[in-house]
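Right, one structure below, let's go through it.
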Amino acid sequence: SLFRAIGVSLFHSVASFNNAGFDIFGGGQSMVPYTDNIYLNIITCVLIFFGGIGFLVIRELWETRLRWKKLSMHAKVVLSVSGLLILVGTLLLKATENVTWLGALFQSVSARTAGFSTYALGSFTDAGLLVLVALMFIGASPGSTGGGIKTSTLYVLAQGVRKAATNRDSRMFRYSIPQGAFHKAAVITLLAAAVVAGGSYLMALLEPQLALRDILFEMTSAFGTVGLSTGITPGLRPASKLQSIL
């Protein structure tokens, strides 16, 4: 009915922008029944993207009327890294999985903390799940509705590695990066990796019947507040579910 359609649309829009990943379409299949619905997929991706770049960047885009030169260093980093991750994720997923280009694009966007899925992830190959794990671990951007270590952390870390490897000054769009920024980014990344690794180890002890790939995927998804799963969540013991929550 009309009112039901409006209610579902509002719920889905809020869940998309806030990177929640909840849906009330029915069937418990997330967005799998709408794999080929171009309109719904694209609108959802757009909402996820804007929710993931952060409110400060959204305000800058509005105030500068999308003029790149007038954007701050933070906005340029967020938009550049976000765009690159979406592109690389789409290409890698298309190369490793039997999915359409639309499906690869959607999963690349959604994996960065949104949690919607247009394919049954349990059927993905190890290579495809590894791509999604990397995207979930990185997550969204500072000041956004998403989780993960953040795109800016990844950028600073990459620039620090580049500086160490080439012995050149690290810069962000002609701006110098503070010396302590790389150390903070490295600490954040190492602590995050430790949390995921520790959580995966504990779940492997609690759920010895599960494959390590499913456990790693589950723990990374929980850490990044994504909500994606290969299908093992309903069968987890109460202790494992509590661990995922924490």
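For the chain, adding -39500 (n - 2.57) for each run of n ≥ 4 DSSP H residues and dividing by the number of residues yields -20500 deg cm²/dmol at 222 nm.
Using the Cα coordinates of segment 140-246, the gyration tensor eigenvalues translate into equivalent-ellipsoid semi-axes of 34, 14, 10 Å, sorted from longest to shortest. Checking every one of the trypsin sites (Lys or Arg not before Pro) in segment 107-194 against DSSP loop status and a limit of 14 other Cβ atoms within 10 Å picks out Arg168, Arg174.
Annotation: average projected area of segment 47-125 is 5.6 square nanometres, based on the convex hull of Cα atoms across all directions.
Could you tell me which of the pairs Lys94/Lys163; Lys94/Lys184; Lys184/Lys241; Lys94/Lys150; Lys94/Lys241; Lys69/Lys184 are separated by over 26 angstrom between their Cα atoms in the structure shown?
Flagged as over cut-off: Lys94/Lys163; Lys94/Lys184; Lys184/Lys241; Lys94/Lys241; Lys69/Lys184.
Comparing Ala165, Ala222, Ala111 in a Gaussian network model of the chain (Cα springs below 10 Å), the most mobile by mean-square fluctuation is Ala165.
At 1.306 mPa s and 10 °C, plugging the Kirkwood radius over alpha-carbon pairs of the chain into Stokes-Einstein gives what diffusion coefficient in µm²/s?
Working: Rh = 18.9 Å.
Estimated diffusion coefficient is 84 µm²/s.
The trypsin sites (Lys or Arg not before Pro) of segment 17-68 that DSSP puts in a loop, and whose beta carbon has at most 13 other beta carbons within 10 Å, are Arg65, Arg67.
Largest GNM mean-square fluctuation across Tyr34, Tyr175, Tyr201, computed for the chain with C-alpha springs under 10 Å, falls on Tyr175.
In the frame of its principal axes, segment 188-227 has Cα extents of 31, 19, 13 Å, reported largest first. Rg over Rh for segment 98-193 works out to 1.06, using Cα positions for both radii and the Kirkwood form for Rh.
Can you give the FRET efficiency for Val161 and Val46, using 1/(1 + (r/R0)^6), R0 = 25 Å, r = Cβ-Cβ distance, to the nearest 0.05? Rounded to the nearest 0.05, the efficiency is 0.20.
In percent, rounded to a whole number, the relative contact order of the chain is 20, using alpha-carbon pairs under 8 Å and six or more apart. Computed with a 1.4 Å probe on the full set of protein chains, the accessible area for Asp169 sits at about 110 Å².
Remark: spin-label model distance Arg168-Leu87 equals 1.8 nm, labels positioned 7 Å along the Cα→Cβ axis. Dividing the Cα radius of gyration of segment 1-75 by its Kirkwood radius returns 1.09 for Rg/Rh. Leu84 contributes an accessible area of around 100 Å² to the protein surface, as traced by a 1.4 Å probe with all chains present. In the assembled protein chains, Leu102 presents an accessible area of approximately 40 Å² (probe radius 1.4 Å).
Rg ratio for segment 140-186: its Cα radius of gyration over 2.2 N^0.38 Å, N being its residue count, equals 1.19. Comparing Ser176, Ser117, Ser221 in a Gaussian network model of the chain, where Cα atoms under 10 Å apart are tied by springs, the biggest mean-square fluctuation is seen for Ser176. Length available on full extension from Phe22 to Arg213: 0.36 nm per residue minus the Cα-Cα distance, which gives 66.4 nm.
The values are calculated or read from the model by the stated rules, or taken from the named source; none is laboratory data. From a predicted model like this one, the values you see are computed outputs, not experimental measurements. Cβ atoms come from the backbone with ideal geometry, glycine included; neighbour counts cover every protein chain shown. These accessible areas exclude ligands, DNA and RNA; they are computed on the full protein's heavy atoms, side chains included. Shrake-Rupley method; radii C 1.70, N 1.55, O 1.52, S 1.80 Å.
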